[in-house]
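The next block holds one structure in the form of structure tokens; read it before the comments.
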């Protein structure tokens with residue numbers, strides 16, 4: 001059953017969102033296998049509206065159907081940032097990444113650091129803020145119960161200590177997540193194969209390495225139509241801005 005997820009798509013917005021005729025029309029075109037036409041409509045919606053995980057997800061499926069692996073990965077990553085717990089998006093992203101020509105070997109990370117990153121990604125920044133607020137409320141409620149003698153002092157004290165530890169941990173995580181989202185550099189996906197150069201002028205600089213479609217990079221600097229990137233393996237170089245698409 002898992003392999004069928006790649007063909008699935010969201011048919012409508014949730015009840016809390018306004019209906020969108022273009023979205024329905026794009027979905028109909030997708031069903032009719034008019035993928036290029038459906039892509040144009042999905043992209044049009046994104047240009048005129050705030051990003052929505054359902055639009056990015058459907059767009060990723062359409063790009064995948066026409067073998068635009070880089071653009072499919074870009075779409076799924078945007079969808080996952082907006083809806084980090086969606087298993088269908090995660091699965092389709094994994095499928096698309098498996099179609100990359102090469103895969104950069106990730107630097108070694110410890111088990112605890114990897115688990116921390118997974119926990120951090122499980123909720124959005126706003127959801128972590130809400131969770132932190134609920135912990136504060138629980139701490140205040142516990143203090144109130146102790147003053148009213150509803151809870152024994154020793155038991156209440158233990159609860160308070162646990163809650164304080166959780167509150168500190170969650171707020172450290174929130175600060176870390178916001179710092180990641182507000183960092184000075186951006187992330188981008190390569191939407192086409194290209195060469196990374198030693199400088200922003202192709203005539204005067206040498207080729208350093210080749211970057212394949214679908215690769216993830218961090219943008220360190222922008223110089224007109226050129227961007228200075230760093231890959232996950234630490235390689236750096238200049239590429240044309242038309243070869244990448246920023247993750248929003």
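Just so it is clear, none of the values below were taken in a lab; they were calculated from the coordinates. All figures in this text were calculated on a predicted structure; none of them were measured in a lab. Reconstructed Cβ throughout: ideal geometry from the backbone, glycine too, with neighbour counts over all protein chains shown.
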Please arrange 42, 76, 178 by counting, for each residue, the other beta carbons lying within 10 Å of its beta carbon, fewest first.
178, 42, 76
Stokes-Einstein D for the stretch 17-97 (25 °C, 0.890 mPa s, Kirkwood Rh from Cα pairs), in µm²/s, comes to 198 µm²/s
Over 10 Å intervals from 0, what percent of Cα-Cα pairs in the stretch 111-181 sits in each interval?
19, 41, 24, 14, 1
Quick note on 225, 88, ordering by fewest other C-beta atoms within 10 Å, gives 225, 88
Hey, fewest Cβ within 10 Å first, where do 111, 131, 190, 64 land in order?
111, 131, 64, 190
Can you tell me, using C-alpha contacts under 8 Å and at least 6 residues apart, the relative contact order of the stretch 111-181 as a whole percent?
42 percent
Cα-only Debye scattering, the stretch 164-248: base-10 log of I(q)/I(0) at q = 0.12, 0.16 Å⁻¹
-0.42, -0.62
Along the Cα→Cβ direction, 7 angstrom out, place labels at residue 141 and residue 242. What is the inter-label distance in nm?
5.9 nm
